[in-house]
Amino acid sequence: MFLTEFTPPARPCRIERSLRTRPSNQEARWRREYLRAEGLPLSHIDSFFASNYSLVDVAADRGDFNWCLEFPGPFPEGFEQLVSLLETALCLPAPSPFDLVLALDRYKIVDEELPPEQWENTEAGELVHKAKYYLSSPQIQRSARESLTRRMANAIWSHPVYRDAPYLISVPGSSGRGNSTGEQIARLVAAETGKQFIQTVGPARPQRKADPTFDVSGLFSLPSMLSGSCVIIDDVWHTGATCVEVARTAKLAGADAVYGLVAARTMRN
């Protein structure tokens, strides 16, 4: 009923503001959620709660908001946690065959007064940087991986469709050895969330930064068939091509829905 009423934008975004209210002075329960957001976060809400609410006109005194979701009773379990997640996490446009894609944040803090090479890392970007590149400091690397694991696990627990997916699938690193930063984090997140971990198999290939045009079509496989939905985990979303190929492989293996979760999205695309 709802997805036909907006077109998700082709850019990452999050909920800018939210406000819980009652529909009238006589109503004792919180039943309305006002949102300031582009359409993409609404697709995440709609993925689980579409049948629970209706869209109503935004009240004249709520001009800072552009959506009003009204529920017939109290907010359903998990709704408020999802809204809170979508205020901090970054919703990414979901290229086919993904159903939804989330990032903890961008890799860099955009500063229009500085050239991009001088932009500082976000917290998520800094954790990814330490987890990948602090090779001479194993303790710092391990601490960064553990922090990313907790944040990604919390995102899964806060998002009902991610939480209910039985499988967690890794994205093969360029070495083909199964020990990339993204694959290590995927294993840890699977253990933290109790999901069945499935390692995607792929050959060695050029690093994405070295050759972003390298075609990964048909290179990956899964060791087992799937029955249900899955979450695909990676550390960084560059062009998204590698994650998309893993998603396509998951669909071919039987997944009925595919959700993406990455630690950071680069500013390259």
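This table checks each residue for (1) open to solvent by less than 70 Å² (accessible area, probe 1.4 Å); (2) over 30 Å from ASP256 (Cα atoms); (3) at pLDDT 95 or above; (4) of a type outside the set (Lys, Arg).
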site	(1), (2), (3), (4)
LEU85	yes, no, yes, yes
CYS91	yes, no, yes, yes
TRP119	yes, yes, no, yes
GLU126	yes, yes, yes, yes
ALA144	yes, yes, yes, yes
Checklist entry - Does segment 24-34 contain any residue that is within 24 Å of the chain's Cα centre (by Cα), of a type outside the set (S, T, N, Q), surrounded by 12 or more Cβ atoms within 10 Å (Cβ to Cβ) and over 29 Å from ILE232 (Cα atoms)? => result yes
Checklist entry - If the Cβ limit is 7 Å and pairs must be 6+ apart or interchain, which residue in segment 134-152 that is closer than 20 Å to TYR162 by Cα pairs with which residue that is in a helix (DSSP H, G or I) and among the charged types (D, E, K, R)? => result THR149/GLU192
Checklist entry - Which ones in segment 146-167 are open to solvent by 60 Å² or more (accessible area, probe 1.4 Å) and closer than 30 Å to PHE49 by Cα? => result ARG150, ARG151, ASN154, TRP157, ARG163, ASP164
Checklist entry - Within segment 237-247, is even one residue farther than 23 Å from ARG11 by Cβ, open to solvent by 10 Å² or more (accessible area, probe 1.4 Å), touching a residue at least 12 places away in the same chain (Cβ under 8 Å) and in contact with a Gly (Cβ under 9 Å, 6 or more places away or on another chain)? => result no
Checklist entry - Which residue out of ARG62, ARG14, ARG31, ARG22 is in contact with an Asp or Glu (Cβ under 9 Å, 6 or more places away or on another chain) and either more than 23 Å from LEU104 (Cα to Cα) or at pLDDT below 95 (or both)? => result ARG31
Checklist entry - Of everything in segment 185-211 that's touching a helix residue (DSSP H, G or I) at 6+ places or on another chain (Cβ under 8 Å) and under 16 Å from TRP237 (Cα atoms), which residue is surrounded by the fewest Cβ atoms within 10 Å (Cβ to Cβ)? => result ARG208
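Here is a check on your reading of the model: is SER217 at pLDDT below 95 and more than 18 Å from the chain's Cα centre (by Cα)?
yes
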Checklist entry - Which residues, taken from segment 86-126, are more than 10 Å from the chain's Cα centre (by Cα), closer than 28 Å to ALA255 by Cβ and among the hydrophobic types (A, V, I, L, M, F, W, C)? => result PHE98, ALA124
Checklist entry - Do you know which residues across segment 220-236 are under 15 Å from SER170 (Cβ atoms) and open to solvent by 60 Å² or more (accessible area, probe 1.4 Å)? => result PRO223
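The values are calculated or read from the model by the stated rules, or taken from the named source; none is laboratory data. Values in this document were obtained by computation on a predicted structure and should not be read as measured data. Glycine also receives a Cβ, built like all others from the backbone with ideal geometry; neighbour counts cover every protein chain displayed. In case anyone asks, the SASA skips ligands and DNA or RNA and just uses the protein heavy atoms, side chains included. Shrake-Rupley method; radii C 1.70, N 1.55, O 1.52, S 1.80 Å.
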